[in-house]
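Participant: A single structure is presented below for examination.
The values are calculated or read from the model by the stated rules, or taken from the named source; none is laboratory data. Quantities reported herein were computed from a predicted structural model and do not represent experimental measurements. Cβ placement follows ideal geometry from the backbone for every residue including glycine, while neighbour counts extend to all protein chains displayed. SASA here: full protein model, heavy atoms, side chains in, ligands and nucleic acids out. Shrake-Rupley method; radii C 1.70, N 1.55, O 1.52, S 1.80 Å.
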Protein chains: 2
Amino acid sequence: MGDKHILGDLQHAIMRVLWAEGEATVARVQEALEEDRDRALTTIATMLVKMEKKGIVGHRSEGRQFVYRALISETDVQRSMVGELTEMLFGGDVTALVSHLLSEQEIDDAELARLKAMIAEHRSKERRRGR
Amino acid sequence: MGDKHILGDLQHAIMRVLWAEGEATVARVQEALEEDRDRALTTIATMLVKMEKKGIVGHRSEGRQFVYRALISETDVQRSMVGELTEMLFGGDVTALVSHLLSEQEIDDAELARLKAMIAEHRSKERRRGR
DNA sequence: GCCCATCTACTACCCTGGTAGTAATACTGG
DNA sequence: CCAGTATTACTACCAGGGTAGTAGATGGGC
């Protein structure tokens with residue numbers, strides 16, 4: 001679990017389906033991804049096999065279908081990938097990342113207010129936990 | 001410039017050297033990256049050729065050496081990659097990313113204080129700009 | 001002038017993500 | 001029972017990042 005969990009676009013899209021649905025067959029995954037782009041069933045199936053080999057999904061048999069499920073959580077992936085990126089782009093400095101978000105990404109007043117609230121929230125939470 | 005600019009580890013490491021030094025020969029890049037890991041000179045050279053083909057670096061000849069320089073800024077790359085990741089992991093919701101940072105990444109009190117200050121700063125800046 | 005060191009050019013791999021066709025197999029409706 | 005369909009298994013291929021060897025050119029020292 002302390003692994004790298006760096007996923008590509010398709011892999012991540014597939015994970016999102018599994019996270020949302022808990023379990024899904026290949027056909028179900030393809031169907032869910034259809035709106036996005038039309039991929040062959042075998043594309044999804046092949047990808048799932050590769051992902052299983054990596055240990056990020058597992059499956060059980062139901063009749064002759066495979067029912068896949070995620071073996072890592074969305075938070076795991078977020079942590080891995082955000083951590084990786086923060087390290088690569090900002091030398092691991094989280095505040096540098098936030099600073100970048102503030103100056104380079106469009107953030108409107110409402111979002112800014114939410115951020116402020118979140119930080120206040122977090123602060124009190126930390127304090128309560130006795131840090 | 002509105003391109004994708006998604007770089008791998010080595011490419012990014014090379015860019016960091018070019019950003020730091022303005023210009024650098026292949027040998028200089030290798031030397032700068034040596035502490036990190038020992039790579040063959042030709043590895044760096046090949047990578048630079050690929051990067052030039054992508055249009056992210058350029059070179060001029062000095063004697064029989066090539067002197068490379070970056071054609072995109074660090075901010076460009078940060079914007080691309082942070083944007084990409086935010087889209088992929090948080091559906092483009094920047095506050096969700098910050099929320100993740102607060103809850104999942106270790107942030108100490110000092111950093112938190114800096115964040116708070118940054119947000120306040122940013123706020124007044126926006127206001128001053130007349131938004 | 002010649003040999004050696006230095007550079008780039010070219011070529012070749014490996015790996016992983018992504019995409020999909022084809023083969024084999026098992027099931028199902030008539 | 002048999003044909004067609006659904007489903008996985010196997011194989012193949014492309015692209016791009018990463019790594020590096022070998023070849024070829026060129027310049028410097030003696």
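Participant: Per residue of A:73-86, count partner chain C-beta atoms within 10 Å of its C-beta, then hand back the mean as an integer.
Facilitator: What the average comes to for A:73-86 is 4.
Participant: Projecting each Cα onto the charge dipole of the protein assembly as shown (Lys/Arg +1, Asp/Glu -1 at the beta carbon, about the Cα centre), which of B:ALA20, A:LEU71, B:HIS100 comes out farthest on the positive side?
Facilitator: B:HIS100
Participant: Another one. Could you give the C-alpha radius of gyration of the protein assembly as shown expressed as a fraction of 2.2 N^0.38 Å, taking N as the number of residues it contains?
Facilitator: 1.20
Participant: Compute the FRET efficiency between B:GLU35 and B:ALA110 as 1/(1 + (r/R0)^6), taking r as their Cβ-Cβ distance and R0 = 35 Å, and round to the nearest 0.05.
Facilitator: 0.80
Participant: While we're on this one: For A:ALA120, place a label point 7 Å from Cα along the Cα-to-Cβ direction in every copy; what are the distances to the other copies, in nm, shortest first?
Facilitator: Listed shortest first, these distances are 1.3 nm.
Participant: Same structure again: Give, rounded to the nearest 20 debye, the magnitude of the charge dipole that the protein assembly as shown has about its Cα centre when Lys and Arg contribute +1 at Cβ and Asp and Glu contribute -1 at Cβ.
Facilitator: Around 220 debye, computed over the protein assembly as shown.
Participant: Keeping the other protein chains in place, figure out the carbon and sulfur percent of the accessible area of the protein assembly as shown, with a 1.4 Å probe.
Facilitator: 49 percent
Participant: Say a label goes 7 Å from Cα toward Cβ at B:VAL49 in every copy; what distances in nm does this one have to the rest, shortest first?
Facilitator: 3.5
Participant: To one decimal in nm, how far is B:ASP108 from the same spot in the other copies, if labels go 7 Å from Cα toward Cβ? Please give the shortest first.
Facilitator: Copy-to-copy label distances for B:ASP108: 3.8 nm.
Participant: Of the listed pairs A:LYS50/B:LYS116; A:LYS53/A:LYS116; A:LYS54/A:LYS116; A:LYS53/B:LYS53; A:LYS4/B:LYS50, which have alpha-carbon separations greater than 32 Å here?
Facilitator: Exceeds cut-off: A:LYS50/B:LYS116; A:LYS53/A:LYS116; A:LYS54/A:LYS116; A:LYS53/B:LYS53.
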